[in-house]
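One structure is given here, and the rest of the page talks about it.
FYI, it's all coordinate maths here, none of it is from the lab. Remember, it's a predicted structure, so these values are computed and weren't measured experimentally. Here the Cβ positions follow ideal geometry from the backbone for every residue, glycine too, while neighbour counts run over all protein chains shown.
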């Protein structure tokens, strides 16, 4: 199945590297994947840039979410 490369909105994933209290919070922006592909990648454990033991905090779509999450988590 061919996938269109020109997505209108970026998909934003905010996660902690582990479930520890001092784990670093990170944000990953995907411009060529939609929400369904990211959720499927998290379930299978094959999402590049995100550890398997990562704790997912937020998942959003759009530039406004990028700005909001940067302010909310001080990234």
*Please tell me if residue 53 is surrounded by fewer than 15 Cβ atoms within 10 Å (Cβ to Cβ), part of a helix (DSSP H, G or I) and in contact (Cβ under 8 Å) with a residue 12 or more places away in the chain.*
no
*Select from the range 15-38 the residues that are exposed (fewer than 13 other Cβ atoms within 10 Å of the Cβ) and in a loop (DSSP other than H, G, I, E, B) and write down the one among them that is nearest to the chain's Cα centre (by Cα).*
31
_What's the number of the only condition in (1) on the phi > 0 side of the Ramachandran plot; (2) part of a helix (DSSP H, G or I) that residue 67 fails to meet?_
(1)
